[in-house]
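One structure below.
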Amino acid sequence: MERLWDMPEIKSEMGTVEWGRRQGEFSKGRLTTSEKARLIFNMGRMFTLQVADNVKCRLGLMNAYGTELEGLQPPDTALVSDALEFADDVQNLELMRHSWRTYYWALLLGGYRGLSVDRELLFAAAILHDVGLAAGRSAEPGQCCFVVSGAERCRHHLVGKGHDRAKVRRISDAIGLHLNGYVSARLHGAEAHLLSRGAMCDVFGMGRARISKTIRDRVFADYPRGDLVNALEIWPDHHLPGTRADTLIRLERRQTKTSDLKPVSQPGE
């Protein structure tokens, strides 16, 4: 019997490499009406999880996860080395620090839930997840979804380095999916799920209470937060209309009574 995650509609789900290659009215990462609704639903789901975390914290029920940062290093493999070298070559300091923090938040949030993670794949995806905004990009955010172009850029580079195509596909799909707001671990794997959670944690602070303050402070000390809004080009009318980035920025601008969906400007509580 064919499994749900092997079916064609799952393979071309919003954010995957195949999805990013579709043609016509909804090419270049532009969303259909139902996809916009799903993105908003996903953000609502994340907001609900954050509210639940806040309640746990107030009641003293949050068992934050903590471990030694040294034990979270990526493995010493050719894939990790090539991904890191590429990121160092094209990303500025702010993007690199954001990418490293995203990796650590992802691993720590995985530890909180007890998820088994392939660190090699997660690191490669995390360190390159915003390469669509880096130097040498082939398209500007106003021309296509930067995450779609970044996933393709990552795929071409790593395949060109001779890495296993199946692994590279998982990495590029995780990159493409990460802007969906919520990514199912069951459908797309723990690495894609945690990359999205790590990025949401770094940009919006969602899930941060699940990580012990001691290790949070250590991550921020090693990889300080700077001007993340400008580093990620979170600017009105900058991204191609109808893409996920454009939709999320417009959604954030409508949040006049809450800061939950606004980028966190400081590393504090």
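The values are calculated or read from the model by the stated rules, or taken from the named source; none is laboratory data. Computed from a predicted model, the values in this text were never measured in an experiment. Here Cβ is always computed from backbone atoms with ideal geometry, including for glycine, and neighbour counts include all displayed protein chains. For the accessible areas, the whole protein counts, side chains as well, though only heavy atoms, and no ligand, DNA or RNA atoms are used. Shrake-Rupley method; radii C 1.70, N 1.55, O 1.52, S 1.80 Å.
Only residues that are among the aliphatic types (A, V, I, L, M) and under 20 Å from E25 (Cβ atoms) were counted across the range 117-151, and they come to 3. Scanning the range 85-95 for residues that are touching a residue at least 12 places away in the same chain (Cβ under 8 Å) and either under 18 Å from P224 (Cα atoms) or in contact with a Phe, Trp or Tyr (Cβ under 8 Å, 6 or more places away or on another chain) (or both) returns A87, Q91, N92, L93, E94, L95. If a residue must be open to solvent by 10 Å² or more (accessible area, probe 1.4 Å) and either in contact with a Phe, Trp or Tyr (Cβ under 8 Å, 6 or more places away or on another chain) or free of Cβ contacts under 8 Å to residues at least 40 places away in the same chain (or both), how many such residues does the range 110-122 contain? Total satisfying the criteria: 4. Of all the residues in the range 186-209, those that are in contact with a strand residue (DSSP E or B) (Cβ under 9 Å, 6 or more places away or on another chain) and either farther than 21 Å from A245 by Cβ or modelled with pLDDT under 95 (or both) number 0. When each of M96, M62 is tested for being open to solvent by less than 70 Å² (accessible area, probe 1.4 Å), modelled with pLDDT of 95 or more and closer than 30 Å to P241 by Cα, the lone residue that passes is M96. Identification of helices (runs of 4 or more DSSP H) wholly contained in the range 142-189 with 3 or more residues that are among the hydrophobic types (A, V, I, L, M, F, W, C), within 16 Å of the chain's Cα centre (by Cα) and under 28 Å from I249 (Cα atoms) yields 146-160, 165-177. Counting only residues that are acidic (D, E), at pLDDT 95 or above and assigned to a helix (DSSP H, G or I), the range 210-263 holds 3 of them. Filter the range 162-177 down to residues that are closer than 21 Å to T32 by Cβ and open to solvent by 10 Å² or more (accessible area, probe 1.4 Å), then give me how many there are. Summing the residues that are closer than 21 Å to T32 by Cβ and open to solvent by 10 Å² or more (accessible area, probe 1.4 Å) in the range 162-177 gives 1.
The sole residue among V183, V159, V148, V219 that is over 28 Å from G242 (Cβ atoms) and crowded, with 22+ Cβ neighbours inside 10 Å is V219. Within the range 47-72, residues that are touching a residue at least 40 places away in the same chain (Cβ under 8 Å) have Cβ atoms under 6 Å from residues that are of a type in the set (G, A, S) and surrounded by 11 or more Cβ atoms within 10 Å (Cβ to Cβ) in these pairs: D53/A209; C57/A209; M62/A209; A64/S212; Y65/G111; G66/S212, counting only partners at least 6 apart in sequence or on another chain.
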